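Have a look at the structure below, then the notes.
Just so you know, all these numbers are worked out from the coordinates, no wet-lab data involved. Note that this is a predicted model, so its numbers are computed, not measured. All Cβ positions, glycine included, derive from the backbone under ideal geometry; neighbour counts span all protein chains shown.
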Amino acid sequence: MKLRATHTTAYQYTEPVSICHTAVHLTPRDGPNQRVLDHTLSIDPMPETTFSHKDYFGNDVTCFSIHEPHRTLTISAATLIEMEPGDPLEPCLTPAWEEARGEKWRHADSHALDAYQFVFPSPRITPAAEFAAYAETSFTAGRPFLDAALDLCHRIYTEFHYDQRATTVATSVAEVLESKRGVCQDFAHFTIACLRSLGLAARYVSGYLTSGEWIGSQASHAWVSVYFPGLGWLDLDPTNDLMVSGRHVTLAWGRDYSDVAPVNGVAMGGGRQSIHVSVGVVLAAGEWV
């Protein structure tokens, strides 16, 4: 199945910006179930310098600088992606969740050592007793790993409320637990905090969700990837209470949002700014589900 994804971020400033330096994570990753067939990035006004590189986590990053005064900035990405369905897992047949604790497998091989870095605190996520206590209702002794992880996502889906006005990018995980409100970024951060508080490796994934009835399909989306030795990384979407499948397009992953913000930069001047973001993911012409 082929999908077309578009992502446009438009800035408007009340005063001229004299110079800006920006980094974007807007190129989807290639992986076992996802292959980028075509990708274009357009920037207006045209940057003076542009370069691309892979970051520490292997994500594609494009950096650019604009040295002329401007009151608007528009960044648009268009991508054609080929998606392949993954092999389904039976949650109740996965091993006991205790086997997924990092202390048991951290030195097993290079893949395990790489995954182990996602057990620890990160800039926006600090494991704590209150997160472990919330998770323990799902992660009872000996429960199958994937069954427990999906139950945690289901509880977050049913007990928390999607509310775009409840949080900002600076809202802490503790505040999200207290209010039980937020958006996909908040729910992903909270899920990761719960998993890491149990000693599990969990990373933050940014991307898109195919347009439709799913929560978060009108903007950039975020979900969670959790590691189990022998099974690898398993992606879960607590915002929509489901395992990630061909309807999710992966852009980038890292420890939390701070590693993979779609657009991040600094500008001199500008006064007050307003931002408008539009995202769409649809079947490519001639494709069907």
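In the chain, the DSSP beta bridges split such that about 95 percent are antiparallel, to the nearest 5.
Mean projection of the Cα convex hull over all viewing directions, computed for the range 2-106: 10.3 nm². What does the charge count around V173 come to, taking other residues whose C-beta lies under 11 Å from its C-beta (Lys +1, Arg +1, Asp -1, Glu -1)? Its environment carries a net charge of -3. Counting Lys and Arg as +1 and Asp and Glu as -1 over every other residue whose Cβ lies under 9 Å from the Cβ of V281, the net charge comes to +2. Note on the range 91-259: Kirkwood radius taken over Cα pairs, Stokes-Einstein applied at 25 °C and 0.890 mPa s, translational D equal to 156 µm² s⁻¹.
Available extension along the chain between A96 and T72 is 3.3 nm, counting 0.36 nm per residue and deducting the alpha carbon span. Extension gain, M268 to I215, is 15.5 nm, computed as 0.36 nm per intervening residue step minus the present C-alpha separation.
For the peptides 259-271, 33-45, 223-235, residues were scored by their other Cβ atoms within 10 Å and the scores averaged per peptide; the highest-first order is 223-235, 259-271, 33-45. Peptides 80-87, 49-56 ordered by packing proxy, namely the average of other Cβ atoms within 10 Å per residue, highest first: 80-87, 49-56. Fewest-first ordering of Y11, Y204 by other beta carbons within 10 Å of each residue's beta carbon gives Y11, Y204. PRE reach from C63 (point 7 Å along Cα→Cβ): which of the range 1-35 fall under 18 Å by backbone N? It comes to 19-27, nothing else. Cβ-to-Cβ counts within 10 Å put D151, D163 in ascending order as D163, D151, the fewest first.
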